[in-house]
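Report on the structure given below.
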Amino acid sequence: PILDQLSTLGNHLRQQLSETRAIALTITPELRDGLAPGIQARLTQLAQSGELTLRVIAHLPPLKEPTLNSLWLEAREDIYRFFNEAIHNVIRHAQPPHGNATQIIVTLEQQNTHCSLTLENDGAPIDPAVFEPTPQQRQRGGYGTKLLDTIAAELPEGSLQRIPLEAGGLCVR
């Protein structure tokens, strides 16, 4: 019986290692060192390419990330996708020549096992009524907003908030 139990344990360990290896192979290369370094690398790449011309203020402390937790690895990929879509929206709508923002603040925070990502630009004032849901839609907005909403809804306790700032601009978290 002990040899059977050890054999079963060995099979489970091999299966777990195989699954971990498969997960490791599908991690976005920018995220191999963690979410904060991945976001910073993407911001740097966008600035160096000239695609992002706004001044970037980044508050991206390293997170305490579980290394072999498949749920976290999947959530981290989704948070990174959320970031990419949000920064794309800033470039298309707030950054000149499409808007008049001068800076973007990107903040990553961790509270226990949850993290929040906030992007805030200082563009033109936005009427809060623009963000009120209509009877046909959960939330107003174009394809980018719908994609952000979908990604956020897939995250554990995830949500999308679009907050027009009094001084102008928009906060997305």
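The values are calculated or read from the model by the stated rules, or taken from the named source; none is laboratory data. Note that the structure is predicted; figures quoted are calculated from it, not measured. With ideal geometry, Cβ positions are generated from the backbone for all residues, glycine too; neighbour counts draw on all protein chains shown. Note: accessible area is taken over every heavy atom of the protein model, side chains too, but ligands, DNA and RNA are not part of it. Shrake-Rupley method; radii C 1.70, N 1.55, O 1.52, S 1.80 Å.
How charged is the neighbourhood of L165? Take every other residue with its Cβ under 15 Å from the Cβ of L165, and add Lys/Arg as +1 and Asp/Glu as -1.
Within the 15 Å Cβ shell, the charges total -2.
Evaluate the distance, in nm, between pseudo-label points positioned 7 Å from the Cα of D78 and of V56 along their respective Cα→Cβ axes.
Using points 7 Å along Cα→Cβ, the separation is 2.5 nm.
What's the longest piece of the chain with no exposed GluC sites (Glu not before Pro), counting a site as exposed if DSSP puts it in a loop and it has at most 16 other beta carbons within 10 Å?
52-156
Dipole of the range 34-173, Cα-centred, from +1 at each Lys and Arg C-beta and -1 at each Asp and Glu C-beta, to the nearest 20 debye?
Computed about the Cα centre, the dipole is about 180 debye.
Roughly what % of DSSP beta bridges within the range 1-129 run antiparallel, to the nearest 5?
Antiparallel bridges make up about 60 percent of those DSSP assigns within the range 1-129.
Which whole-number percent is the relative contact order of the range 1-96 (Cα, under 8 Å, 6+ apart)?
28
Compute the Cα gyration tensor for the range 35-173, then decide on rounded, prolate or oblate, letting a ≥ b ≥ c be the square roots of its eigenvalues: rounded whenever a/c is under 1.5, prolate when a/b is larger than b/c in the other cases, and oblate in all that remain.
Here the range 35-173 falls in the oblate category.
With a point put 7 Å past each Cα toward its Cβ, work out how far E157 is from I2 in nm, to one decimal.
4.5
Can you tell me the relative contact order of the range 62-123? Whole percent, Cα pairs under 8 Å, sequence separation 6 or more.
It rounds to 28 percent for the range 62-123.
Given a 1.4 Å probe, how much area per residue of the chain is accessible, in Å²?
63
Top to bottom by accessible area (1.4 Å), largest first, where do I2, I105, I39 land?
I2, I105, I39
What is the extension gain from A124 to N69, computed as 0.36 nm multiplied by their sequence separation minus the C-alpha to C-alpha distance, in nm to one decimal?
15.7 nm
Using the Karplus curve 6.51 cos²θ - 1.76 cosθ + 1.60 with θ = phi - 60°, what ³J(HN,Hα) values do you get for each residue of the range 164-173, in whole Hz, with x for Gly and Pro?
Coupling constants for the range 164-173: x, 8, 4, 6, x, x, 9, 10, 10, 9 Hz.
Quick one: compute the contact order of the chain, relative version, from alpha carbon pairs under 8 angstrom and 6+ residues apart, as a percent.
So the answer I get is 19 percent.
Top to bottom by accessible area (1.4 Å), largest first, where do L3, L9, L147 land?
From most accessible down to least: L3, L9, L147.
Note the full-extension length gain between A47 and Q111 as 0.36 nm times their separation in residues minus their Cα-Cα distance, in nm to one decimal.
20.1 nm
On the protein heavy atoms, probe 1.4 angstrom, tell me the percent of accessible surface of the chain carried by carbon and sulfur.
Within the chain, the accessible surface is 54 percent carbon and sulfur.
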